[in-house]
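First up is the structure itself, then whatever we jot down about it.
Values in this text are rule-based calculations from the coordinates and carry no lab data. Owing to the predicted nature of the structure, the values given are computational and were not obtained by experimental measurement. Cβ: placed from backbone, ideal geometry, glycine included. Neighbour counts: every protein chain shown.
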6 protein chains.
Amino acid sequence: MRRGFYIGRFQPYHNGHQSVLEHIADEVDEIVIGIGSAQLSHLADNPFTAGERVLMITRALASLGCPFYVIPIEDIRRNALWVAHVRSMTPLFDLCYSSNPLVVQLFKEAGITVQSPAMYERETLSGTAIRTRMLNRAPWKNLVPPAVVQVLKEIDGVERLRQISKND
Amino acid sequence: MRRGFYIGRFQPYHNGHQSVLEHIADEVDEIVIGIGSAQLSHLADNPFTAGERVLMITRALASLGCPFYVIPIEDIRRNALWVAHVRSMTPLFDLCYSSNPLVVQLFKEAGITVQSPAMYERETLSGTAIRTRMLNRAPWKNLVPPAVVQVLKEIDGVERLRQISKND
Amino acid sequence: MRRGFYIGRFQPYHNGHQSVLEHIADEVDEIVIGIGSAQLSHLADNPFTAGERVLMITRALASLGCPFYVIPIEDIRRNALWVAHVRSMTPLFDLCYSSNPLVVQLFKEAGITVQSPAMYERETLSGTAIRTRMLNRAPWKNLVPPAVVQVLKEIDGVERLRQISKND
Amino acid sequence: MRRGFYIGRFQPYHNGHQSVLEHIADEVDEIVIGIGSAQLSHLADNPFTAGERVLMITRALASLGCPFYVIPIEDIRRNALWVAHVRSMTPLFDLCYSSNPLVVQLFKEAGITVQSPAMYERETLSGTAIRTRMLNRAPWKNLVPPAVVQVLKEIDGVERLRQISKND
Amino acid sequence: MRRGFYIGRFQPYHNGHQSVLEHIADEVDEIVIGIGSAQLSHLADNPFTAGERVLMITRALASLGCPFYVIPIEDIRRNALWVAHVRSMTPLFDLCYSSNPLVVQLFKEAGITVQSPAMYERETLSGTAIRTRMLNRAPWKNLVPPAVVQVLKEIDGVERLRQISKND
Amino acid sequence: MRRGFYIGRFQPYHNGHQSVLEHIADEVDEIVIGIGSAQLSHLADNPFTAGERVLMITRALASLGCPFYVIPIEDIRRNALWVAHVRSMTPLFDLCYSSNPLVVQLFKEAGITVQSPAMYERETLSGTAIRTRMLNRAPWKNLVPPAVVQVLKEIDGVERLRQISKND
């Protein structure tokens, strides 16, 4: 039994994440998906709650064909403790998938295998780029799974992002 | 779509929890299961990590026939904020199932419907009773789902409980 | 200008507090009232929120004839920092009124004058005694100022205390 | 009985705040004034302690003619919990006055009525502008109530701001 | 180079600690001494600050003949993260000396060698027993190194313990 | 007996720190060295753990000829409490050495004498400048004591800094 770990902030969950997870699903028996900065929401760069992100991810992966866990991970602001924190909140995993240099370094120092999946179309497929499009009223729905469009509609998420991004 | 919320500490997850969740599964479309005191582990009354509890619950409910989410919820030690905390970490739910008087009161003050499911065999089917049996080497495996026996074996959980319960 | 500091948890505010404050009002020009453990509520021994306690105190002292400030003080769980914490949250004061041995010691070590006011009828005029009476449906309204009876009625406070004091 | 809530950081309290509060005083029976980021002080953009700000506000509003409460509110860095946090620290209020887009959004999501008072002369009447004037030794005393000038003198506040704003 | 780790709360540091450390000094090249619950002080069971305990230990070990580090370790209340926390605050060590069952378990799960040194005269040589003697005015100076008697005199430590142990 | 306090983040400890401490060693009987932001590590501007910094300092000062204490100090993000925090973690000191304007102000408000030692070659002898050189593969070993070069080699510190400084 091989279990892989993948972490992101998913603000919002998009096609880049989906594509990486479909790739991981071919390599492991189970996937643990960590939602980073789970405690943050209603911020211009972290607009959605952990619960809303759980919903986006779970629905978008409904037909993944590989069992997965979706686990909110609150920040602890102590890098030297972060791997232990992640491991305490998740089912035991054998390897970690990440392209984030800090995540890579922390897992390596903890003796855990890390693979860095290729992220294609990194320019357009990023949370920052998508939130900017939402603010600018540029097209964004093609960049996220249909389930995410649906969740954002239910929670009126784009309107929330616009409101909290206004200057005071 | 009707979503119900159920919370416990699940130290460990046992047949009483299983029976309540099977009952809830008949009444709602989706269940959100919150793992309370998620940050605690390696304590005589909170021996298992959130990740270990996620595993117990997910495996035990594999054939529930009702979609469910398992979400670790760290304590915030601020009762007046606890409902908002829970809601930020979970997909939106319509009603809460709980027999805990404090949980009932907090959700009621927040205007959320609460139902108190009957817990049968409360004397034997409680985390405290089961941990005491583990310490006393009394039979306990019949009180939890087979999947929980398996997880506890994988993590050597009973031995951990015995070690940390020793007097210094 | 002489300003005195008085701190309590005020769960609830009662005639003992009122009597001490009326006495202090004769000795100083302004009173700073700190509400300790401000972050706690909905607990058997800390049932009321800081905001509810602010209301009890402010109304009960409406005709005190001495200006006063009512300041919620959250716990910091670091005794060596507590005096600095209190002073950062309050207008500068010259002396402290307290009978609590820890408070007395901490202020003395910080070089601040402490006076210990006599508390009469300590047996009946204590938060613990009054909460016990509320739970046992014994008379309690004569032990608190009329304004406190009114606030507790508005927030359904006695019912809350009873609900959260039930055994799970 | 109608109670309104107004929040600011008040670094320092100035004529813009005073003018808004005088306007609110005409519309409600009581005002709850929350001092945001109460735990911060001795920073270039948050130089004054909560207690010093309590003093500025209370003295400046001495002749307001409307009862008011001044409540320090520590940050919780969890936007989804912030409204519950505020409500736990304050007497119950019916509506909120704010022009801050985040505050407006958070209260709206919590189902609380929000009004955005007009802030006139926003350019000069802002904490940032006034602190810059203090640093540049430009005139600022005409921008704050006389009571604030007095408090700043007592605590040697301008000198503190200058010292902590120096480059290391 | 062999470095050993030893942790205690040292409330106060006594002859039992001294004897264990002298024993460890024979086995390793350097000793790292962690002061647990460093953030606590002015409590009946944790009367002395971390700084006061640093002083007791450093002076008492002045002629140990083995280099040592004395490091305050604040609690993190997350057992699963505690070993990572300790390691981030200390020079790298090879083995841990502890008789505390929880410490033993946590280091073992982290793959670190643990040795449990014999503690002789455990009944009289314990922080609890010594604090009780201080409160009861029974002889205690023969149970701690002379340097600890000296530090306690300088800080008036016994008087502090008596004052904070009074009933309110 | 005269004890002086000196604080820095020591990311890394360098010849500028060494020179100041050698100067202080001539003026006092004992030195307390506080390691600021002790909880931070694995960040581009705070790459090294507190324990690693303890090691750098202790080894570099092996032949100082003046007794010293090295104490990790975690941030508390409450400037008004910071001096009390520092004092609770350290042996009592009589004066503070610092050139940091905030530190100077906080100690002065607490009534503690502060001296600002001259820092020569501030341009090159700063943590920021040295980390930049490490990233740019410019010479840096001549800017720190030999013991620091040795510690950084043992922990592979420069490689860690490079890895975590990469863009995601």
(Q) Considering the Cα positions of the protein assembly as shown, please state its Rg to one decimal place and its Dmax as a whole number of Å. (A) 29.4, 80
Q) With point charges of +1 on the Cβ of Lys and Arg and -1 on the Cβ of Asp and Glu, referenced to the Cα centre of the stretch A:1-105, which listed residue (A:S98, A:Y6, A:L43) lies farthest in the positive direction of the dipole? A) A:L43
Q | Lys, Arg +1 and Asp, Glu -1 on Cβ, resulting dipole of the stretch B:102-163 about Cα centre, debye, nearest 20 | A | 200
Q) Under Stokes-Einstein, with the Kirkwood radius over Cα pairs standing in for Rh, what whole-number D in µm²/s applies to the stretch B:72-134 at 10 °C and 1.306 mPa s? A) 118
Q: Please average, across the residues of D:58-67, the number of beta carbons from any other chain that are within 10 Å of each residue's own beta carbon, and give a whole number.
A: 1
Q.
If the elastic network links every pair of Cα atoms under 10 Å, which of B:L43, B:L61, B:L143 fluctuates the most in the Gaussian network model of chain B?
A. B:L43
Q.
Using a 7 Å offset from Cα along the direction of the beta-carbon, what are the separations from D:E109 to the same position in each other copy, nm, ascending?
A. 2.1, 3.3, 3.3, 3.4, 4.2
Q) Excluding B:I73 itself, what net charge comes from residues whose Cβ is under 14 Å from its Cβ, given Lys and Arg +1 and Asp and Glu -1? A) +3
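Among DSSP bridges having both ends in the protein assembly as shown, what percentage is antiparallel? Round to the nearest 5.
5
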Q. Which whole number gives the average, over all residues in A:81-87, of C-beta atoms from other chains lying within 10 Å of the residue C-beta?
A. 5
Q | Rounded D (µm²/s) - the stretch E:116-168, Kirkwood Rh over Cα pairs, Stokes-Einstein at 4 °C, 1.567 mPa s | A | 107
(Q) Treating only the Cα positions of the stretch D:16-168 as identical point scatterers, give the base-10 log of I(q)/I(0) from the Debye formula at each q in 0.11, 0.16, 0.17 Å⁻¹. (A) -0.47, -1.01, -1.13
Q: Determine the shielding of peptide D:38-44 by partner chains: average, over its residues, the number of Cβ atoms on other chains within 10 angstrom of each Cβ.
A: 6
Q | Charge tally in the Cβ shell below 15 Å around B:A62, where Lys, Arg are +1 and Asp, Glu are -1, B:A62 excluded | A | -2
Q. Under unit Cβ charges (Lys, Arg +1; Asp, Glu -1), what dipole magnitude, rounded to 20 debye, does chain F have relative to its Cα centre?
A. 420
Q) So which residue, out of D:A129, D:A38, D:A147, gets the largest mean-square fluctuation from a GNM of chain D using Cα contacts under 10 Å as springs? A) D:A129
Q) Distances from E:E159 to the same residue in each other copy, label points 7 Å out along Cα→Cβ, in nm, shortest first? A) 3.4, 5.4, 5.4, 5.8, 6.7
Q | Calculated label separations, B:R77, copies of the chain, 7 Å along the beta-carbon direction, nm | A | 0.2, 0.2, 1.5, 1.5, 1.5
(Q) What's the magnitude of the charge dipole for the protein assembly as shown around its Cα centre, counting Lys and Arg as +1 and Asp and Glu as -1 at the beta-carbon? Answer in Debye, nearest 20. (A) 0
Q: Tell me which residues come under 5 Å, amide H to amide H, from D:I35 once H is placed; ignore anything under 5 positions away on its chain.
A: D:I71, D:I73
Q.
More than 16 angstrom separation, counting every C-alpha pair in the stretch C:22-68; what % is that?
A. 45
Q | Alpha carbon centroid spacing (whole Å) that separates the stretch F:48-89 from the stretch C:64-122 | A | 31
Q) Local charge sum around D:K153 (other residues, Cβ-Cβ under 11 Å, Lys/Arg +1, Asp/Glu -1)? A) -2
**Q.** Residue of chain F whose Cβ sits closest to the axis mapping F onto A, with distance in whole Å
**A.** F:R77, 6
